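Undergrad: Quick one: this structure, given as structure tokens, is what I'll be asking you about.
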Amino acid sequence: MKFTLRTKSKSLKGNIILPASKSISNRVLIIQALTKTPFNINNLSTADDTVIMQKALDRNDMITDVGPAGTAMRFLTAYYAGQPGEKVLTGSERMKQRPISILVDALRSLGARITYLENEGFPPLHIEGRRLNGGHVKVAGNVSSQFITALLLIAPTLPQPLHIDIEGDPLSRPYIGMTKSLMESCGAQLSFEGNQIVVQPGRYRSKAYTVEQDWSSAAFWMSFATLARKVNFTLLGLTENSIQGDRAATAIFEKLGLKFQFNETGLGITKSEEIQDSTEWNFRNHPDLVQPAVISAGAQGLKFSFHGLDNLRLKESDRIFALQSELKKAGIESEVNDHTLTLVGNKPATECEEFDAHSDHRMVMSVAALSMIYPVIKIHDPMVVAKSYPEFWKEVEKFVDVRPNRS
């Protein structure tokens, strides 16, 4: 299936409804499952990843298939390891290519019994749940912060303190900070200094929690805004005091031509006359912002170096390959050197080919912004956006005519 997008207007005005944060939702669901008394979660994400997590926690099936949900795979591995009973945890073919040995090794050092069912170091997993111990673990920080978060979330339920030594400079450090904030709001006691985290034994407190709107999803609309002619709209529900690290999107997109002002309903966005025609940014702490920023800068013909892309090849797609492939279809030239993607600064082509999703929700939402510079574009596998933003196309239709085409 593919969608054909025809621009109605290159002026973006009004309000945009963002999804609730699936990152926060999935963490709070694990915390809720570990409390003795259930509590209400308000504004829980309706994204596929969160639905998968919720169903897995609600059911007692021996086999849990998380599909492409990487967060669910990692968080449930740690959760199931400490719960009584046997589980087989599997996922999509892509999930079976995404490494998990760093987390499994750490859990085994705490007493977990986990076996690889196919390839060593990768899902699917057979987990024999049992009471785990606290102690000291070393975790490489250069693959995924979710390995660290998975350990943190179960740590308050362990009988001894858990000491985590992060080896190297951790990727997505703000996501670890977000986990710490959530845990503390639910009664956990922990410290995070330098590369060392210590979590004290105890229990989570049952307390109603309201999930924030998603800053990562906001970045796609910022990309739209940079490519539109006139802009004056509000991303509803965003706040200045967010615990999400991807609120850094405002600093990145200021360099790409936007101005931001919080108002009583959310984040107001207008155009700026100030665009830096040659710049760089390290995305090590914000990997989910890379794709919309690359598309925005490339479509504007800017020179821009995107550093810190260490783990982008291990996401839902090989995101570096996917970006280069789709940029090429729009005539945008790029170079890759180690963990850096550089746009050379040429203007995009006047016409473009059909774009591929690469089975990646963030790839689809990023290339959709090109509807602001091309009268017609086509995108394959558009409904993959349900992984994080189920209502994305409904919001796009405020400005763009979206037609399904099954041919």
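Undergrad: Answer with yes or no whether ARG27 is surrounded by fewer than 23 Cβ atoms within 10 Å (Cβ to Cβ), in contact (Cβ under 8 Å) with a residue 24 or more places away in the chain and basic (Lys, Arg). Step through it out loud before you land on a result.
TA: Numbers: surrounded by fewer than 23 Cβ atoms within 10 Å (Cβ to Cβ): no; in contact (Cβ under 8 Å) with a residue 24 or more places away in the chain: yes; basic (Lys, Arg): yes.
Answer is no for this residue.
Undergrad: Let me ask something additional. For region 321-359, which residues satisfy the criterion of being part of a strand (DSSP E or B) and under 21 Å from MET372 (Cβ atoms)? Show your work before the answer.
TA: Pass one, region 321-359, residues part of a strand (DSSP E or B): 334-337, 340-344, 355.
Selection gives SER334, LEU343, PHE355.
Undergrad: Here are some conditions: (1) in contact with a Pro (Cβ under 9 Å, 6 or more places away or on another chain); (2) closer than 23 Å to ILE31 by Cα. LEU117 meets all but one. Which one does it not meet?
TA: So the condition that LEU117 fails would be (2).
Undergrad: When you scan region 212-224, do you find a residue that is touching a residue at least 60 places away in the same chain (Cβ under 8 Å) and exposed (fewer than 15 other Cβ atoms within 10 Å of the Cβ), even just one?
TA: First, the residues of region 212-224 that are touching a residue at least 60 places away in the same chain (Cβ under 8 Å): 212-224.
Then drop every residue that is not exposed (fewer than 15 other Cβ atoms within 10 Å of the Cβ), which leaves none.
No: region 212-224 contains no residue that is touching a residue at least 60 places away in the same chain (Cβ under 8 Å) and exposed (fewer than 15 other Cβ atoms within 10 Å of the Cβ).
Undergrad: I've got another one for you. Which of the residues spanning region 47-60 are surrounded by 16 or more Cβ atoms within 10 Å (Cβ to Cβ) and in contact (Cβ under 8 Å) with a residue 12 or more places away in the chain?
TA: Once the filter is applied, which keeps residues that are surrounded by 16 or more Cβ atoms within 10 Å (Cβ to Cβ) and in contact (Cβ under 8 Å) with a residue 12 or more places away in the chain, region 47-60 yields ALA47, ASP48, ASP49, THR50, ILE52, MET53, GLN54, ALA56, LEU57.
Undergrad: Return the total of residues in region 48-63 being hydroxyl-bearing (Ser, Thr, Tyr) and within 24 Å of LEU117 (Cα to Cα). Explain how you work it out, then say what you get.
TA: Step one: list which residues in region 48-63 are hydroxyl-bearing (Ser, Thr, Tyr), which gives 50.
Those left that are additionally within 24 Å of LEU117 (Cα to Cα): none.
Number satisfying all stated conditions: 0.
Undergrad: Going by what's in this entry, would ARG98 be described as among the basic types (Lys, Arg) and over 19 Å from ALA69 (Cβ atoms)? Can you show your working first?
TA: Working: among the basic types (Lys, Arg): yes; over 19 Å from ALA69 (Cβ atoms): no.
Here the answer is no, as ARG98 does not meet what is asked.
Undergrad: Within the bounds of region 193-202, is there any residue that is modelled with pLDDT of 95 or more, closer than 18 Å to GLU391 by Cα and surrounded by fewer than 22 Cβ atoms within 10 Å (Cβ to Cβ)?
TA: So far as region 193-202 goes, no, none of its residues is modelled with pLDDT of 95 or more, closer than 18 Å to GLU391 by Cα and surrounded by fewer than 22 Cβ atoms within 10 Å (Cβ to Cβ).
Undergrad: Would you check if GLY168 is in contact with a helix residue (DSSP H, G or I) (Cβ under 9 Å, 6 or more places away or on another chain), surrounded by fewer than 15 Cβ atoms within 10 Å (Cβ to Cβ) and at positive phi? Can you show your working first?
TA: Values: in contact with a helix residue (DSSP H, G or I) (Cβ under 9 Å, 6 or more places away or on another chain): no; surrounded by fewer than 15 Cβ atoms within 10 Å (Cβ to Cβ): yes; at positive phi: yes.
It is false that GLY168 is in contact with a helix residue (DSSP H, G or I) (Cβ under 9 Å, 6 or more places away or on another chain), surrounded by fewer than 15 Cβ atoms within 10 Å (Cβ to Cβ) and at positive phi.
Undergrad: Give me a count of the residues in region 315-331 that are touching a Pro at 6+ places or on another chain (Cβ under 7 Å) and of a type in the set (A, V, I, L, M).
TA: Narrowing region 315-331 to residues touching a Pro at 6+ places or on another chain (Cβ under 7 Å): 316, 330-331.
If we keep only those that are of a type in the set (A, V, I, L, M) as well, we get 330.
The qualifying residues number 1.
Undergrad: Residues that are out of contact with any helix residue (DSSP H, G or I) (no Cβ under 6 Å at 6 or more places or on another chain), more than 21 Å from GLN244 (Cα to Cα) and buried (at least 21 other Cβ atoms within 10 Å of the Cβ): does region 283-297 have at least one?
TA: Looking through region 283-297, at least one residue is out of contact with any helix residue (DSSP H, G or I) (no Cβ under 6 Å at 6 or more places or on another chain), more than 21 Å from GLN244 (Cα to Cα) and buried (at least 21 other Cβ atoms within 10 Å of the Cβ).
Undergrad: So which residues in region 125-136 are surrounded by fewer than 22 Cβ atoms within 10 Å (Cβ to Cβ) and either touching an Asp or Glu at 6+ places or on another chain (Cβ under 8 Å) or in a loop (DSSP other than H, G, I, E, B) (or both)? Before you say what the answer is, go through the steps one by one.
TA: Our first condition is that a residue be surrounded by fewer than 22 Cβ atoms within 10 Å (Cβ to Cβ); within region 125-136, this holds for 126, 128-131, 133-136.
Passing the criteria: HIS126, GLU128, GLY129, ARG130, ARG131, ASN133, GLY134, HIS136.
Undergrad: Look through ILE100, ILE63 and report the one residue that is surrounded by fewer than 21 Cβ atoms within 10 Å (Cβ to Cβ), modelled with pLDDT of 95 or more, over 20 Å from ARG131 (Cα atoms) and outside the structural domain of ARG313 (by TED's automatic domain parsing). Full working, then the answer.
TA: On the way: ILE100 fails: surrounded by fewer than 21 Cβ atoms within 10 Å (Cβ to Cβ).
Only one candidate passes the filter, namely ILE63.
Undergrad: Out of everything in region 129-144 that is in contact with a Pro (Cβ under 6 Å, 6 or more places away or on another chain) and under 22 Å from ALA72 (Cα atoms), what residue ends up being modelled with the highest pLDDT?
TA: Step one: list which residues in region 129-144 are in contact with a Pro (Cβ under 6 Å, 6 or more places away or on another chain), which gives 129, 134, 141.
Filter once more, so that each one left must be under 22 Å from ALA72 (Cα atoms): 129, 141.
Details: GLY129: 97, GLY141: 87.
The qualifying residue modelled with the highest pLDDT is GLY129.
Undergrad: If you go through region 243-263 one residue at a time, how many are surrounded by 20 or more Cβ atoms within 10 Å (Cβ to Cβ) and among the small types (Gly, Ala, Ser)?
TA: Looking only at that region, the number is 3.
Undergrad: Here's a follow-up. Can you confirm whether ILE332 is crowded, with 17+ Cβ neighbours inside 10 Å and more than 24 Å from the chain's Cα centre (by Cα)? Give the derivation first.
TA: Details: crowded, with 17+ Cβ neighbours inside 10 Å: yes; more than 24 Å from the chain's Cα centre (by Cα): yes.
Taking the combined requirement at face value, the residue satisfies it.
Undergrad: Filter region 349-369 for residues that are more than 18 Å from the chain's Cα centre (by Cα) and free of Cβ contacts under 8 Å to residues at least 60 places away in the same chain; which is nearest to GLU333 (Cα to Cα)?
TA: Per the criteria, the residue is ALA349.
Undergrad: Could you list, in sequence order, all residues of region 23-50 that are closer than 20 Å to ASP65 by Cα and in contact with a Lys or Arg (Cβ under 8 Å, 6 or more places away or on another chain)?
TA: Restricting attention to region 23-50, the residues satisfying the condition of being closer than 20 Å to ASP65 by Cα are 23, 25-27, 29-30, 33, 45-50.
If the condition is that a residue be closer than 20 Å to ASP65 by Cα and in contact with a Lys or Arg (Cβ under 8 Å, 6 or more places away or on another chain), then SER45, ALA47, ASP48, ASP49, THR50 are the ones that fit.
The values are calculated or read from the model by the stated rules, or taken from the named source; none is laboratory data. Quick caveat, the model's predicted, so the values are computed rather than measured. Don't worry about glycine lacking a Cβ; one is built from the backbone with ideal geometry, like all the others, and counts go over all protein chains shown.
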